[in-house]
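**Student:** Dropping a structure here in structure tokens format, bear with me for questions.
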Amino acid sequence: MVKHTLAVLVENRPGVLSRVAGLFARRGYNIESLVVGETEDKTVSRITLVVEGDERVIEQVSKQLNKQVEVIKIQDITNEETVERQMLLIKVSAGPEDRQEILQLMEIFRCRVVDIGRRSLIIEATGDEGKIEAIMQSLKPFGIKELVRTGKVAMVRGAK
């Protein structure tokens with residue numbers, strides 16, 4: 001099974017996201033990642049989702065999505081040359097003895113410390129999935145207190 005990244009333009013109306021996600025749920029497909037937000041046109045939103053399936057499954061789901069009145073355009077960008085990013089906020093235990101080491105590590109990954117507590121740091125990072133995974137692994141020995149990450153956002157390179 002291949003992970004597919006779909007970019008779906010939809011009318012920015014209440015209930016659209018629920019109908020799109022419901023279409024996948026009814027067919028038993030798990031959405032691994034889902035990000036939605038307004039585009040440059042406030043009446044249009046872009047849904048970027050990652051779902052696992054073969055070509056036939058993705059084609060079937062795309063056809064079903066196209067039947068939705070609010071769906072403007074669907075693009076499978078899996079095999080396209082894209083720029084992809086995720087964002088991570090991670091709260092890590094950071095006593096005085098570990099702080100300097102964590103800060104040096106975060107400098108290597110080009111992360112930002114966005115909050116400093118007495119015994120913790122909150123770090124913000126952006127990057128592709130591999131970078132985000134590497135950051136989480138490197139901070140694990142210090143003790144991860146809390147973690148939140150976005151799904152993948154992606155855009156096709158060039159003039160397309």
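Rule-based calculations on the coordinates, nothing more; no lab input. Keep in mind it's a predicted model, so treat the numbers as computed, not measured. Cβ placement follows ideal geometry from the backbone for every residue including glycine, while neighbour counts extend to all protein chains displayed.
**Student:** With runs of 4+ DSSP H residues as the only contributors, calculate the mean residue ellipticity of the chain at 222 nm using -39,500 (n - 2.57) per run, divided by the residue total and rounded to the nearest 500.
**Tutor:** When only DSSP H runs of four or more count, the value is -9000 deg cm²/dmol.
**Student:** At 0.890 mPa s and 25 °C, plugging the Kirkwood radius over alpha-carbon pairs of the range 1-123 into Stokes-Einstein gives what diffusion coefficient in µm²/s?
**Tutor:** So the translational diffusion coefficient is about 144 µm²/s.
**Student:** So which aspartates and glutamates pass the test for LYS131, namely a Cα distance under 12 Å, with those fewer than 8 places away in the same chain ruled out?
**Tutor:** GLU84
**Student:** Using Cα-Cα distances under 8 Å and only pairs 6 or more residues apart, what relative contact order does the range 2-76 have, in percent?
**Tutor:** After rounding, I find 47 percent.
**Student:** Taking other Cβ within 10 Å of each residue's Cβ, how do LEU65, LEU121, LEU103 sort, fewest first?
**Tutor:** LEU103, LEU65, LEU121
**Student:** What is the fewest-to-most order of VAL8, VAL57, VAL114 by other Cβ atoms lying within 10 Å of their Cβ?
**Tutor:** Listing VAL8, VAL57, VAL114 from fewest to most nearby Cβ atoms yields VAL114, VAL57, VAL8.
**Student:** Tell me the relative contact order for the chain as a rounded percent, counting alpha carbon contacts under 8 Å between residues six or more apart.
**Tutor:** Worked out over the chain, it gives 27 percent.
**Student:** Can you put ILE144, ILE90 in order, fewest other beta carbons within 10 Å first?
**Tutor:** Going from least to most buried by this count: ILE144, ILE90.
**Student:** For the range 85-156, just list the percent of Cα-Cα distances falling in each 5 Å bin from zero outward, please.
**Tutor:** Percent of Cα pairs in each bin: 3, 17, 32, 26, 12, 6, 3, 1, 0.
**Student:** If you don't mind, there's one more thing I want to ask. Binning at 5 angstrom from zero up to the longest distance, how are the C-alpha pair distances of the range 1-73 distributed in percent?
**Tutor:** For the range 1-73, the pair-distance distribution reads 3, 16, 30, 27, 15, 6, 2, 0.
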